[in-house]
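Read the structure below first, then the notes.
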Amino acid sequence: CAKAVIACRVSPKQKTEIVELVRQSEPHKVTLAIGDGANDVGMIQAAHIGVGLHGKEGVEAVLASDFATGRFHFLGRLLLVH
């Protein structure tokens, strides 16, 4: 059983399906999704905790998220605090 799943170069629908699959197969685990654009909104909303990164791709991910940050640099602190 993996402790983390990292997906790249997949469609927005596949991102959402990955989160839903983890939630169904491991109901006692908490899911966290991090995204920076409109193509990540479904994944962010499907996860228990969604983090949106404000960037060049727009603010859709930020608007759909539970937490938002301006840079990847701040993710470490966010994860440690929560």
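A few remarks follow.
- Boolean, GLY50 is modelled with pLDDT under 95 and open to solvent by less than 30 Å² (accessible area, probe 1.4 Å): no
- Of the candidates THR16, THR31, the single residue that is open to solvent by less than 70 Å² (accessible area, probe 1.4 Å), of a type in the set (Val, Ile, Thr) and farther than 20 Å from LEU79 by Cα is THR16.
- Candidates VAL51, VAL30, VAL41 - the one that is under 20 Å from THR16 (Cβ atoms), in a helix (DSSP H, G or I) and not acidic (Asp, Glu): VAL41
- Residues that are surrounded by 15 or more Cβ atoms within 10 Å (Cβ to Cβ) and either in a helix (DSSP H, G or I) or at pLDDT below 90 (or both) within the range 56-74 comprise GLU60, ALA61, VAL62, ALA64, listed in sequence order.
The rows are residues; the columns are (1) without any contact (Cβ under 8 Å) to a residue 12 or more places away in the chain; (2) on the phi > 0 side of the Ramachandran plot; (3) under 11 Å from the mean Cα position of the chain (by Cα).
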| position | (1), (2), (3) |
| --- | --- |
| GLN24 | yes, no, no |
| HIS28 | yes, no, no |
| LEU32 | no, no, yes |
| GLY58 | no, yes, no |
| SER65 | no, no, yes |
| LEU80 | yes, no, no |
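- So VAL10, is it at negative phi, open to solvent by less than 60 Å² (accessible area, probe 1.4 Å), outside any loop (DSSP other than H, G, I, E, B) and hydrophobic (A, V, I, L, M, F, W, C): no
The values are calculated or read from the model by the stated rules, or taken from the named source; none is laboratory data. Values in this document were obtained by computation on a predicted structure and should not be read as measured data. Virtual Cβ from ideal backbone geometry, glycine too; neighbours counted across all protein chains shown. We work out accessible area using only protein heavy atoms, side chains counted, and drop any ligands, DNA or RNA first. Shrake-Rupley method; radii C 1.70, N 1.55, O 1.52, S 1.80 Å.
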